[in-house]
């Protein structure tokens, strides 16, 4: 059954850690997180904050050209970060074995998921970021 969280407001970058903690609490056991938002909305920045809270020590950056980055925390848990902005056809994601990642039981953070929508698992957490006129961010969470 879908579950929607009230909108989160992140007024500035100093609040991003608190916002990331709220998202993690809401996500519960969901492992595939889909990040929606326009260019420059803060998807990668938010993923960096989430990874930091999970204890990832690796440099977290957008895998625009590699399509996927793998990070590990001190417990050796895997976190996969996808950026499908450059994907022209979902088959390109299949070529990197995206379905294996999605169903691995590890965390998968997906930027530009609409480019591979036919491949997305039914169960996921949708994180939609909107930039407000004052440059704050409204973040909508929806769990399916």
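Just so it is clear, none of the values below were taken in a lab; they were calculated from the coordinates. Please read all numbers here as calculations on a predicted model, not as lab measurements.
Annotations
- Estimated 222 nm signal from helices in the chain, with DSSP H stretches of n ≥ 4 weighted -39500 (n - 2.57), rounded to 500: -6500 deg cm²/dmol
- Looking at segment 3-143 alone, DSSP beta bridges between its own residues are antiparallel in about 60 percent of cases.
- Using a Gaussian network model of the chain in which every pair of alpha carbons under 10 angstrom is joined by a spring, one finds that among 122, 29, 92 the greatest mean-square fluctuation is at 122.
- Contact order relative to length of the chain, as percent, for alpha carbon pairs under 8 angstrom and 6 or more apart: 36
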